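None of the figures in this text is laboratory data; all of them are computed from the coordinates on show. What you see is a predicted model, and the numbers here were worked out from it, not measured in a lab. Every residue, glycine as well, gets a Cβ built from its backbone with ideal geometry; the counts of neighbours run over all protein chains shown.
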Amino acid sequence: MKDPGERKISRYFKNGGVIMIRVKTFTNELKALHTMTELTELDNQVNDFMKDNGIENVVSVSDSCTSGDGSTIGIIRVLTYKSAEA
């Protein structure tokens, strides 16, 4: 089953080369007084994904917070990386 948090983007070049760009999203709920622990868990989740999939060429990493009732309640981390798989 395809991971709903992962997308593939292919880039084709005039010389016939192909670079596969992939985008993977990770999410985590943030609870009051536990933020540092939850951010460390999110870091570990992303690092484990990169290690398990042999990712060496990261294009970007970005975070965005989600909110509810005026408070930050979650975080979404987006990892964009180059993949050898076409």
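Miscellaneous remarks
- Distant-in-sequence amide H partners of LEU30 (H built 1.01 Å from N, under 5 Å): GLY74, ILE75
- Order of ASP69, ASP43 - criterion: other Cβ atoms within 10 Å of each residue's Cβ, fewest first: ASP69, ASP43
- Remark: the range 38-43, residue by residue, has Karplus-estimated 3J(HN,Hα) of 5, 5, 5, 4, 5, 4 Hz, where x stands for each Gly or Pro and the curve is 6.51 cos²θ - 1.76 cosθ + 1.60 at θ = phi - 60°.
- Extension gain for THR37-ASP63 works out to 7.7 nm (0.36 nm per residue, less the C-alpha to C-alpha distance).
- Packing-based ranking of 73-82, 31-40 yields 73-82, 31-40, ordered from highest to lowest mean Cβ neighbour count within 10 Å.
- Pairs of lysine residues in the range 6-83 - Cα separation under 22 Å, sequence separation of 8 or more or cross-chain: 7
- Percent of Cα pairs exceeding the 18 Å cut-off, where the set is the range 34-86: 41 percent
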